Amino acid sequence: YELLPPAKYFKEHPEWYSELKGVRTHHNAQLCLANGEMRKELTRNALALLRADPGADFIQISQNDVQGHCTCAACLAIEKEEGGIGMASGPLLRFVNQVAEDIEKEFPDVFVDTFAYQFTRKAPAKVRPRHNVMIRLCDIECSFLQPLESSNKHNAPFTRDLAAWSQLAGGNLFGWDYVTSFYSYMLPHPNMRVLAPNIRTFVKHGATGLFVQGDALCPAGDFVRLRHWVISHLLWNPDLDEKQLFDAFLTGYYGEKTGAALKRYLTFLHDRAEKADVYLNCGQENVTHWLDADGIFEATRLMGTALKTAQAEEASDPAGKKGLADKVLREKLSIDHVWLINDPMLRRHAKMTGKAFPGPADPLMACREWIAACERFNVKAYRETTTADTFANYKRELLHRFSDAAKTVTGSAK
């Protein structure tokens, strides 16, 4: 739609957009890829963009990030030829090949980049990418607790598709991997043990590029510095020992004692997640499907120990280790967030089991402190978003939640 905005074109050319249930629409939809006149206009617009940016090496011509691919008779006929109804990669790749052929006449060194994503992820039966078409294969449906190359029911189909595209695209294959939870950056996300195996899987199947999508606008997300440092080194050299990389960062960034304490915290979370063997997608909104209340209590204790270790180290060497406690406080925000969204359940669990309650005595005060820390660490977003209002609204929602709870308790006491 960036190339063919519906606001500009739909009124006069509804036939250029998806036919869904017999009706042409641009709402949560795509383009009609069998329409030759639409392709000519899109190509003109793509060429105009390239002329305005003569240094460009790539131009992306891909589906919108929604479903709604066209089901007109012409598009469905191509799907049938390319492997059956639902094989939407066939219409897309045929269309992109034609656009790429026209672009090559003026820009012979530019690659046309297109997705193999969701409803286009499966490779087509007949059409092959042109030599100037780059396939960008996305693994968004996978589980990121288990390696891509595993028997996991969410992952095994992807690796089959990866192998198929590798045969079709040769060196013109890029990957798109996901290494965070886009519904909540500020939650523990136990995927660190699959980062290296997954990068090597793309390399094994001939990918010449890989985009690893993490969080944005959240400098206090779940160990983002550790993840990004390790991933960057593995992208430079996938054969490096990831265990040594993790240890090198933990020791080099946090110091030997604090780094060891944080490693125990991370090891505990990953062991618990692997034991649960759940589907860990890139959109988790809570951790309770893989970490129970006792696990949250233990993770809290381990993070508390890491913070005390950092505080003691900084106190013993204020000049040399200045800011160490803040580094750990920033990582602590993730487990603190777990408490904020699960406070009533965790209080009930402690009461029912007779265990000591390791959470905040005053959840409203804890909420205020969490928000203040987020602001101090310049957190602009707690989840994937296009506006700063999303986090501002969430902070207000949390405050209202705990304010209302405090009022209820006060009223009951009266």
| message | What whole-number distance in Å separates the alpha-carbon centres of the stretch 58-86 and the stretch 288-313? | response | 48 Å
| query | Angle between the Cα long axis of helix 156-169 and the longest principal axis of the chain, 0 to 90 degrees, nearest 10? | reply | 40 degrees
| said: With unit charges on the beta carbons (Lys and Arg positive, Asp and Glu negative) and the dipole taken about the Cα centre of the stretch 290-335, which residue among 315, 304, 335 sits farthest to the positive side? | reply: 315
| What's the carbon and sulfur percent of the chain's accessible surface, probe 1.4 angstrom, rounded to a whole number? | 54 percent
| query | Expressed as an acute angle from 0 to 90° and rounded to the nearest 10, what is the orientation of the C-alpha long axis of helix 242-254 relative to the principal long axis of the chain? | reply | 50 degrees
| query | Under a point spin-label approximation (7 Å from Cα along Cα-to-Cβ), what is the residue 347-residue 404 distance to one decimal in nm? | reply | 1.4 nm
| query | Measuring with a 1.4 Å probe in the full set of protein chains, what accessible area per residue, in whole Å², belongs to the stretch 357-399? | reply | 56 Å²
| Tensor-based shape of the stretch 185-256 (alpha-carbon gyration tensor, a/c under 1.5 rounded, otherwise prolate or oblate) | oblate
| task | Figure the gain on full extension for residue 80 and residue 28 (residue separation times 0.36 nm, minus the Cα-Cα span) and round it to one decimal in nm. | result | 16.4 nm
| query | Between 362, 222, 239, which gets the highest mean-square fluctuation from a Gaussian network model of the chain, Cα cutoff 10 Å? | reply | 362
| request: Pull out the extension gain between residue 361 and residue 101, defined as 0.36 nm times the separation in residues minus the alpha carbon to alpha carbon distance; nm, one decimal. | output: 87.0 nm
| query | Given a Förster radius of 30 Å and the C-beta distance between residue 267 and residue 311 as r, what FRET efficiency does 1/(1 + (r/R0)^6) yield to the nearest 0.05? | reply | 0.90
| message | If you average the C-alpha positions of the stretch 342-396 and of the stretch 178-193 separately, how far apart do those two centres end up, in angstrom? | response | 17 Å
| Selected from 282, 210, 394, residue furthest toward positive end of dipole (the chain; charges at beta carbon) | 394
| request: Under 1.5 on a/c is rounded, so check that first for the chain, then, if it is not, pick prolate when a/b is larger than b/c and oblate when it is not; a ≥ b ≥ c are the square roots of the alpha carbon gyration tensor eigenvalues. | output: prolate
| Do the sum for the chain: with -39,500 (n - 2.57) for every DSSP H run of n ≥ 4, divided by all residues, what is the mean residue ellipticity at 222 nm, to the nearest 500 deg cm²/dmol? | -17000 deg cm²/dmol
| remark: Heavy-atom accessible area with a 1.4 angstrom probe orders 265, 1, 382, most exposed first, as 1, 382, 265
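The values are calculated or read from the model by the stated rules, or taken from the named source; none is laboratory data. Here the structure is a predicted model, which is why all the values come from computation and not from measurement. FYI the Cβ positions are ideal-geometry reconstructions off the backbone, even for glycines, and counts take in every protein chain you see. Heads up: the accessible areas ignore ligands, DNA and RNA and are worked out on the full protein's heavy atoms, side chains in. Shrake-Rupley method; radii C 1.70, N 1.55, O 1.52, S 1.80 Å.
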